[in-house]
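**Q** Pasting in a structure now, in structure tokens, and then I'll have a few things to ask.
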Amino acid sequence: MTQEIMECRICSSRELEDVFDLGEQPLANGLLASPGIGEKYPLVLTKCIGGCGHVQLKHTVEPTAMFEDYHFHTASSERMVNHFCQLLLDNTPKSGGVVVEIGSNDGAVLQRYKQKLFDGVLDNYLDPEWDFAVWGIDPSENLCNEAANSRNVDVWCDFFNENTAKEFVSAVGQASLIMCCNVLGHVHDLNSFVQGLALLLADDGKIVIEVPDVYQMVEHLAFDTIYHEHISYFSATSMARLFNQNCLYIQEITPQDVHGGTLRYTITKRVGNSNSVYDRINTEYLMPINWETFKTKVATQKAQLQFHLTQCKKEGRKVAGYGAAAKTTVRLNYFEIDNNLLPVVADCTKDKQGLFIPGTFQLVISPEELQLPANFPHIVVIFAWNHAKEIVKKEHTLVEKGVIFVTPDFLPVLQ
Ligand code: TMP
Ligand code: ZN
């Protein structure tokens, strides 16, 4: 089920160096039906020192084990649905064509986007002949069914690669706009995926990609975004290498404030990356990541959270978690925080409620159940820190009752 990856997924160099080792870890999205440890797999980051500097996982886990029944739902975050819908609206080609979201998940973004189009948001500049089709492509069967049946979104259920692109193009046509957000990090065969993008994209079309930036991951100590599903950790340097070698070029890189360190890449077939891309690559070259410092800082954070939770327990102050995200499993396991220190994690995703975090045994409850006397907390640690403000806003009744919401470094969430 697990295999060591001997080559860089971008440039095929075999010179890979370990940079950060999280030990054996359970699958971050593998919530369990009863308290248990689940299967564990090695979780080690390596860096390509032979060519492109790409950072990737040292081992790979069979993809079907992770994606067939996928619990992450885009619809659970209104802010993210708005963010991606706006991305599509801002980039919708005036001449129409096929708009594709790769990694369309539960279809929430495309449903919203179609509504906005029909609501006439674009009426002002639409060509009367404007003709468009909106499609999602996603490998997860449960999510594709949800997108098609409950949201009336056209979906192509498959892993995206060169072959899928060929099949899609012959059935539907090339795309004038492709959006692919938080997907690339999950892809095993990066060159086949990007070759597929090149095949799918019309000559005058545009691809908009958002991926977490490895430099910012290190800067923000977001080690909890390292898990088996995230097999690549990109920089501008490795992105340029990957796309250029497949005849696609980066026109713009814009930082996004949605996911704690994400970059948006706008990519076309127009030859040559823009100057701003070279500026960023140059900065990355001049300021390489210091992985030793990163390790030390993460270890300090672990000691601090352990200390605070132990103190709370001694003082009889109840602490609950919020957000049973993949990053929650990683943090709880790497920090060795089990259900003795933190018994429950609230999450609004119905599919996750009643299940247990693998390895650390926390029960996932609904946000409403947090209000019950048995669970009512003094402090809530928002492990889904990227949604902290949205969560605190939603849970204002708890705030009004004196509950303190903190980030994983135990600092109050600032509104
Ligand atoms: P993510 O960090 O991978 O986006 O996952 C966030 C998790 O947090 C997901 O399981 C849904 C959950 N969540 C809530 O329970 N309430 C909320 O208000 C938000 C925004 C997310
Ligand atoms: Zn490489």
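**Q** On a straight-distance basis, which lysines could pair with Lys318 in a cross-link, Cα separation under 29 angstrom, same-chain partners fewer than 8 positions away excluded?
**A** Qualifying lysines at Cα under 29 Å: Lys297, Lys302, Lys327, Lys350, Lys352, Lys389, Lys393, Lys394, Lys401.
**Q** A further question follows. Pairing rule first: another cysteine's C-beta must sit under 4.7 Å. Under that rule, which cysteines of the chain stay single?
**A** Within the chain, the cysteines lacking a partner Cβ under 4.7 Å are Cys85, Cys180, Cys181, Cys247, Cys312, Cys348.
**Q** Oh, and also: Report the semi-axes of the equivalent ellipsoid for region 276-375 in whole Å, largest first, where each axis is √(5λ) for an eigenvalue λ of the Cα gyration tensor.
**A** 34, 19, 11
**Q** Asn82 versus Lys166, label points 7 Å from Cα toward the beta carbon: distance in nm?
**A** Taking the simple label geometry, Asn82 and Lys166 are separated by 4.4 nm.
**Q** Report the net charge of residues surrounding Thr2, where surrounding means a beta-carbon distance below 14 angstrom and charges are Lys +1, Arg +1, Asp -1, Glu -1.
**A** Around Thr2, the charge tally is -3.
**Q** So for the chain: antiparallel DSSP bridges make up what percent, rounded to the nearest 5?
**A** So the antiparallel bridges in the chain amount to around 50 percent.
**Q** Find how much the distance from Ala148 to Asp279 grows on full extension, using 0.36 nm per residue of separation minus their present alpha carbon separation; answer in nm with one decimal.
**A** 42.9 nm
**Q** Now a separate question. Non-local amide H neighbours of Gly97 (under 5 Å, H modeled in plane, Pro and chain starts lacking H): which ones?
**A** Asp131, Phe132, Ala133
**Q** Full-extension gain between His378 and Asp351, please, as 0.36 nm times their residue separation minus the C-alpha to C-alpha distance.
**A** This chain segment gains 7.1 nm when fully extended.
**Q** Right, another one. Please find the FRET efficiency linking Glu315 to Glu390, where r is the Cβ-Cβ separation and R0 is fixed at 35 Å, and quote it to the nearest 0.05.
**A** 0.75
**Q** What part of the accessible area of the chain, given as a whole %, is carbon or sulfur when the probe is 1.4 angstrom?
**A** Looking at the chain in its full context, I get 50 percent from C and S.
**Q** Sticking with the crude label model, points 7 Å out along Cα→Cβ, report the distance from Asp119 to Ala33 in nm, one decimal please.
**A** 4.1 nm
**Q** If we count every other residue with Cβ under 12 angstrom of Ser274's Cβ, Lys/Arg +1 and Asp/Glu -1, where does the sum land?
**A** Its environment carries a net charge of 0.
**Q** Between Lys297 and Asp131, with labels modelled 7 Å along Cα→Cβ, what's the label distance in nm to one decimal, could you check?
**A** A separation of 5.3 nm, rounded to one decimal place.
**Q** Evaluate the charge dipole of the chain about its Cα centre and quote only its size in Debye, nearest 20, assuming +1 on the Cβ of each Lys and Arg and -1 on the Cβ of each Asp and Glu.
**A** 1080 debye
**Q** Relative contact order for the chain using alpha-carbon pairs under 8 Å, separation at least 6, rounded to a whole percent?
**A** In percent, rounded to a whole number, it is 15.
**Q** Ratio of Rg to Rh for the chain, alpha carbon only, Kirkwood?
**A** We get a ratio of 0.97 for the chain.
**Q** Shifting gears a bit: What FRET efficiency comes out for Cys247 versus Leu286 if R0 is 25 angstrom and r is the Cβ-Cβ distance? Round to the nearest 0.05.
**A** It comes to 0.30.
**Q** If I take the Cα coordinates of region 141-245 and project them onto the principal axes, what are the three extents in Å, biggest first?
**A** Result, largest extent first: 43, 34, 20 Å.
**Q** Let me check I've understood the local charge: for Glu15, count other residues with C-beta under 13 angstrom from its C-beta, Lys and Arg +1, Asp and Glu -1. What total comes out?
**A** Overall, the nearby charge balance is -1.
**Q** Next up: Expressed in nm to one decimal, what extension gain is obtained for the pair Leu414 and Thr397 from 0.36 nm per residue of sequence separation less their Cα-Cα distance?
**A** Working it through step by step, the gained length comes to 4.5 nm.
The values are calculated or read from the model by the stated rules, or taken from the named source; none is laboratory data. Predicted, not measured: the structure shown is a model, and the values here were computed from it. Virtual Cβ from ideal backbone geometry, glycine too; neighbours counted across all protein chains shown. We work out accessible area using only protein heavy atoms, side chains counted, and drop any ligands, DNA or RNA first. Shrake-Rupley method; radii C 1.70, N 1.55, O 1.52, S 1.80 Å.
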